[in-house]
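Here, each number is a calculation from the coordinates, and none is a lab measurement. No experiment lies behind these values; they were computed from the predicted model shown. Heads up, the Cβs are rebuilt from the backbone with ideal geometry, glycines too, and the neighbour counts pull from every protein chain shown.
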């Protein structure tokens, strides 16, 4: 599956900025049918980084979000800057 069909877009909210600074995490809106393994593989492929873990959450509107924790050698702030969030 194409990584760009799995990952829709990053979220830039107060909570996501706080998670980026404290936990080295970024939040992405993802395809509802994608698994954690597919999300991890897509992020690693798109940004050439190492992902430590992926947690998913479906909000009441039916939007699936992935909380992606990066390994310590890949600061989330660098990835956010690369995407133009910062």
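Put simply, region 7-56 fits an ellipsoid with semi-axes of 18, 13, 10 Å; these come from the alpha carbon gyration tensor as the roots of five times its eigenvalues, largest first.
As a proxy for reagent exposure, ranking 47, 57, 28 by other Cβ atoms within 10 Å from fewest up yields 57, 47, 28. Potential lengthening of the chain between residue 15 and residue 44 amounts to 8.2 nm, from the contour at 0.36 nm per residue minus the alpha-carbon distance.
Using a cut-off of under 19 Å, list every residue of region 43-59 whose amide N is near the label point 7 Å from the Cα of residue 82 along the Cα-to-beta-carbon line. From region 43-59, the list is 43-55.
Direction-averaged projected area, Cα convex hull, the chain: 5.1 nm², rounded to one decimal.
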